[in-house]
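Quick notes on the structure that follows.
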Amino acid sequence: MLQISGKDNVLFKKVKKLKQKKYREIDQMFLAEGVKFLDFITTPNYIFIDEDFDLSLIENKLEKFQCEKYILSSGLFSQLSSQENSQGVILVYSYEKYSLDTLENNIVVLDKVSDPGNLGTIIRTVDAAGFKDIILTTGSVDCYNEKVIRSTMGSIFNVRLHYMNEDEMVMFLKDKDYRLISTALDKNSIPYTAMKLKKKNAIIFGNEGNGISKSILAVSDEKIIIPIYGTAESLNVGIACGVILYKMREIL
């Protein structure tokens with residue numbers, strides 16, 4: 001176990017920059033914080049541990065990872081941490097890249113979903129409901145944002161994430177014969193319980209404030225809605241995703 005105590009350490013400076021999206025994209029790496037990540041089989045590039053953390057609590061978990069492990073002074077560790085009450089463990093992982101050729105027959109599309117917590121919740125929900133692929137249109141929040149990673153509770157390792165611009169996404173899915181089913185507060189929307197599934201289906205969820213773009217709605221094969229029985233204006237996109245995906249799973 002190596003130790004880093006100076007802020008000018010080359011590796012420390014490199015990892016600290018990963019808190020910014022542009023450097024994550026340059027180095028194709030991201031941060032994940034918390035002891036829970038030591039339970040997953042995905043091997044990180046580096047593990048950083050606060051000097052005040054009791055190593056005896058995680059020695060067995062650390063042994064399974066053949067990667068570089070470092071002890072950081074508490075002052076340096078706090079510069080990497082994004083949590084007010086950190087557990088004292090931060091891991092650095094490489095990006096995973098997936099081919100669109102691996103898309104399953106039932107996928108989720110997120111059109112400019114912007115809130116990190118919502119995206120993390122959706123990733124976790126997609127995983128829980130037994131689906132695998134999520135396409136995010138350009139303008140969506142970065143899936144490797146630290147708040148997203150934390151909200152996924154490890155499901156980030158169990159789904160395949162793809163970013164595409166809107167026009168490219170529509171053309172690709174139409175060409176591959178996916179049925180586009182959009183969630184929309186529209187007079188022509190049918191109850192989600194009546195949605196019609198074919199062999200290949202793409203369920204589309206929109207931006208928290210603006211919904212799905214008009215151009216996507218215009219080419220959708222079907223529009224669905226979750227009825228509101230109370231006085232709320234709408235449902236949170238993460239909740240809506242859970243309701244609809246579990247109904248989709250039931251239909252399938």
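Remarks
- Across the range 79-89, the qualifying residues are those that are in contact (Cβ under 8 Å) with a residue 24 or more places away in the chain and over 18 Å from the mean Cα position of the chain (by Cα), and the one among them that is most open to solvent (accessible area, probe 1.4 Å) is Gln87.
- Selection status of Asp177, at positive phi and at pLDDT 95 or above: yes
- Taking each residue of the range 100-127 that is without any contact (Cβ under 8 Å) to a residue 40 or more places away in the chain and looking for partners that are of a type in the set (Gly, Ala, Ser) and open to solvent by 30 Å² or more (accessible area, probe 1.4 Å) with beta-carbon atoms closer than 9 Å, six or more apart or interchain, yields Pro116/Ser151; Leu119/Ser151; Gly120/Ser151; Ile123/Ser151; Arg124/Ser151.
- Single residue of the range 6-56 satisfying the filter (in contact with a strand residue (DSSP E or B) (Cβ under 8 Å, 6 or more places away or on another chain) and among the polar types (S, T, N, Q)) that is surrounded by the most Cβ atoms within 10 Å (Cβ to Cβ): Thr42
- Unique match (being at pLDDT below 95 and touching an Asp or Glu at 6+ places or on another chain (Cβ under 8 Å)) among Leu2, Leu55: Leu2
- Subset of the range 172-228 (residues that are surrounded by fewer than 16 Cβ atoms within 10 Å (Cβ to Cβ), in a loop (DSSP other than H, G, I, E, B) and among the β-branched types (Val, Ile, Thr)): Ile228
The values are calculated or read from the model by the stated rules, or taken from the named source; none is laboratory data. Values in this document were obtained by computation on a predicted structure and should not be read as measured data. Note that each Cβ is placed from the backbone with ideal geometry, even for glycine, and that neighbours are counted across all protein chains shown. Heads up: the accessible areas ignore ligands, DNA and RNA and are worked out on the full protein's heavy atoms, side chains in. Shrake-Rupley method; radii C 1.70, N 1.55, O 1.52, S 1.80 Å.
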